[in-house]
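Taking it in order: structure first as structure tokens, then the write-up.
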Amino acid sequence: GAVVSQHPSWVICKSGTSVKIECRSLDFQATTMFWYRQFPKQSLMLMATSNEGSKATYEQGVEKDKFLINHASLTLSTLTVTSAHPEDSSFYICSAPWTGGREKLFFGSGTQLSVL
Amino acid sequence: EDKVVQSPLSLVVHEGDTVTLNCSYEVTNFRSLLWYKQEKKAPTFLFMLTSSGIEKKSGRLSSILDKKELSSILNITATQTGDSAIYLCAVGPDKLIFGTGTRLQVFP
């Protein structure tokens, strides 16, 4: 089946620094990828839709300048958390839709971000 | 505003019990409803439902969609400790809106 790879799995950083998270579709092309955020004991919240070759579409309440998304190729999308603050500490997970099989959406393994 | 609500939020049972998890939705563009199981990190796919009244089964798990009631249920029979997880319901098409999740704990 299709695989989505996400790196890093976890990251600890200082307040004020920026952190980049990568999401790659390994054996299929993804013109669209989705970025979710999950706080402890809460559900997945869609942050933005990453579009290859164009600007990302952000959900209401998500700061574009804070969470920079770049979809550089058909297999890679990146999320950069800029000037991270402790309240940005969360689990971030990407996903990509695949039209080749019954499972419509494949998830990366997620990134646990801790900002000190 | 699109909304997906799951109930109960939390469930604690003993091995062997049967559980029913509920999902209701209000979305402007419904195409499919998906169930996922999340144990530690990435959710794993369970079912995708698009047609009302057709039950999907996989081992001890089954699910059915009711488009008239805008809801779905996920049944797990003869629960095992390995079923302990958060069960997420999401409504499509591609930009999935996730529900609140149901945290299931199965004790021996």
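The values are calculated or read from the model by the stated rules, or taken from the named source; none is laboratory data. This one's a predicted model, so the numbers in the text were calculated from it and none came from an experiment. Because the Cβ atoms are built from the backbone with ideal geometry, glycine has one as well, and the counts that use them run over all protein chains shown. These accessible areas exclude ligands, DNA and RNA; they are computed on the full protein's heavy atoms, side chains included. Shrake-Rupley method; radii C 1.70, N 1.55, O 1.52, S 1.80 Å.
Quick look at the numbers
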{"item": "Boolean, residue A:3 is open to solvent by 40 Å² or more (accessible area, probe 1.4 Å) and of a type in the set (A, V, I, L, M, F, W, C)", "result": "yes"}
{"item": "For residue A:42: the one exception among (1) open to solvent by 20 Å² or more (accessible area, probe 1.4 Å); (2) in contact (Cβ under 8 Å) with a residue 12 or more places away in the chain; (3) more than 11 Å from the chain's Cα centre (by Cα)", "result": "(2)"}
{"item": "Check on residue B:54, open to solvent by 50 Å² or more (accessible area, probe 1.4 Å) and closer than 19 Å to residue B:104 by Cβ", "result": "no"}
{"item": "From B:40, B:56, B:68, B:95, residue being in contact (Cβ under 8 Å) with a residue 12 or more places away in the chain and either in contact with a helix residue (DSSP H, G or I) (Cβ under 9 Å, 6 or more places away or on another chain) or of a type in the set (D, E, K, R) (or both)", "result": "B:68"}
{"item": "Residues that are touching a strand residue (DSSP E or B) at 6+ places or on another chain (Cβ under 6 Å), open to solvent by 10 Å² or more (accessible area, probe 1.4 Å) and within 12 Å of chain A (Cβ to nearest Cβ), drawn from region B:80-94", "result": "B:86, B:94"}
{"item": "Scan of region A:58-116 for residues that are at negative phi, open to solvent by 40 Å² or more (accessible area, probe 1.4 Å), within 14 Å of chain B (Cβ to nearest Cβ) and modelled with pLDDT of 90 or more, ordered by number", "result": "A:58, A:59, A:60, A:109, A:112"}
{"item": "Lone unmet requirement of (1) at pLDDT 90 or above; (2) in a strand (DSSP E or B) for residue B:17", "result": "(2)"}
{"item": "Single match in B:66, B:17 (criterion: touching a Gly at 6+ places or on another chain (Cβ under 8 Å), among the acidic types (Asp, Glu) and more than 14 Å from chain A (Cβ to nearest Cβ))", "result": "B:66"}
{"item": "Residue selected from region B:95-108 under the condition open to solvent by 10 Å² or more (accessible area, probe 1.4 Å) and under 15 Å from the mean Cα position of the chain (by Cα), by the criterion farthest from the other protein chains (Cβ to nearest Cβ)", "result": "B:105"}
{"item": "Near pairs, Cβ below 6 angstrom, 6+ apart or cross-chain, from region A:14-28 (closer than 11 Å to residue A:95 by Cα) to any residue that is outside any strand (DSSP E or B) and not hydroxyl-bearing (Ser, Thr, Tyr)", "result": "A:23/A:108"}
{"item": "Subset of region B:9-38 [of a type outside the set (S, T, N, Q) and loosely packed, with under 14 Cβ neighbours inside 10 Å]", "result": "B:9, B:12, B:14, B:15, B:16, B:26, B:31"}
